[in-house]
1. Does residue 248 qualify as being touching a helix residue (DSSP H, G or I) at 6+ places or on another chain (Cβ under 7 Å) and either within 21 Å of residue 200 (Cβ to Cβ) or surrounded by 15 or more Cβ atoms within 10 Å (Cβ to Cβ) (or both)?
2. For the stretch 127-142, state whether one or more residues are at pLDDT 90 or above, farther than 22 Å from residue 96 by Cα and exposed (fewer than 15 other Cβ atoms within 10 Å of the Cβ).
3. Anything in the stretch 139-162 that is in contact with a helix residue (DSSP H, G or I) (Cβ under 8 Å, 6 or more places away or on another chain), in a loop (DSSP other than H, G, I, E, B) and touching a residue at least 60 places away in the same chain (Cβ under 8 Å)? List them, or say none.
4. Are there any pairs with C-beta distances below 7 angstrom linking a residue in the stretch 93-122 that is over 13 Å from residue 147 (Cβ atoms) to a residue that is modelled with pLDDT under 85 and crowded, with 16+ Cβ neighbours inside 10 Å, with the two at least 6 apart or on different chains, and if so which?
5. Checking the conditions here, which among 220, 224, 235, 208 is loosely packed, with under 12 Cβ neighbours inside 10 Å, at pLDDT 90 or above and farther than 22 Å from residue 162 by Cα?
6. Here are some conditions: (1) surrounded by 18 or more Cβ atoms within 10 Å (Cβ to Cβ); (2) closer than 30 Å to residue 66 by Cβ; (3) touching a helix residue (DSSP H, G or I) at 6+ places or on another chain (Cβ under 6 Å). Residue 273 meets all but one. Which one does it not meet?
């Protein structure tokens, strides 16, 4: 980490919290009880659904605090938003330090990390521990993945299956719309957004927006190209992508409402809209769940 300029440590975490206090106070670890008292002290009601079940105290997870900033911005005002924002950044940094960077430092020997791979998992996939190299964060405030580098003169190769889960489901459900989307070679998440959201479909059909880069290849080179769905409707495409994978793993309307900070009714409407786009997947999923309850489930290769 030191060689990669990831100097983010001290004796322990050496983090500075400026929470409703102009003076910097070095702390070793955040106290959730103190944070709860501070949130109460702001005189704000916690966001709906973000209180502890037992004592009905405000939740102080990063997600709950982010929702608090979004929903109570006028009451918090700039100073309050800055204070809670500092707390969220502090919690994120502490999680990255304790969960990823510190284990890497402790478990590396001679500049190399030797993880433990577990072959005996319920899903049949490999799991990894000490450290979990399959779960190193991407796109976080601290560039954890930059701690990994190939020796001089060599390269790290990253390979991944393209939409593996969607391809398997399309085959198992014999879902013609999804099969066509996957065979087209375009951006399936943009094409799913086109099928789900009327504003995306209207913009594409009018020529104001292109579906994806594959559609852009057919445009005349001398003319200025319209933006693609990925750039023009990033949030709707992101939602389509989330649904493409989350629903296959049993994401419910309640879970989706928490993730997107919307009502359960709105989340269920979004789920219904996705299944309306791929009706064969809905029928297959219901059949698979019923069969699993009665007789268990097996993979394509016969694994129970």
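The values are calculated or read from the model by the stated rules, or taken from the named source; none is laboratory data. In this text the structure is predicted, and so the values were computed from the model without any measurement. FYI the Cβ positions are ideal-geometry reconstructions off the backbone, even for glycines, and counts take in every protein chain you see.
1. Numbers: touching a helix residue (DSSP H, G or I) at 6+ places or on another chain (Cβ under 7 Å): yes; either within 21 Å of residue 200 (Cβ to Cβ) or surrounded by 15 or more Cβ atoms within 10 Å (Cβ to Cβ) (or both): no.
In short, no.
2. No, the stretch 127-142 contains no residue that is at pLDDT 90 or above, farther than 22 Å from residue 96 by Cα and exposed (fewer than 15 other Cβ atoms within 10 Å of the Cβ).
3. Of everything in the stretch 139-162, just one residue is in contact with a helix residue (DSSP H, G or I) (Cβ under 8 Å, 6 or more places away or on another chain), in a loop (DSSP other than H, G, I, E, B) and touching a residue at least 60 places away in the same chain (Cβ under 8 Å), namely 142.
4. 93/15; 93/142; 94/13; 94/15; 94/30
5. Working: 220 fails: at pLDDT 90 or above; 224 fails: at pLDDT 90 or above; 235 fails: farther than 22 Å from residue 162 by Cα.
Only one candidate qualifies: 208.
6. Residue 273 satisfies all of (1) surrounded by 18 or more Cβ atoms within 10 Å (Cβ to Cβ); (2) closer than 30 Å to residue 66 by Cβ; (3) touching a helix residue (DSSP H, G or I) at 6+ places or on another chain (Cβ under 6 Å) except (1).
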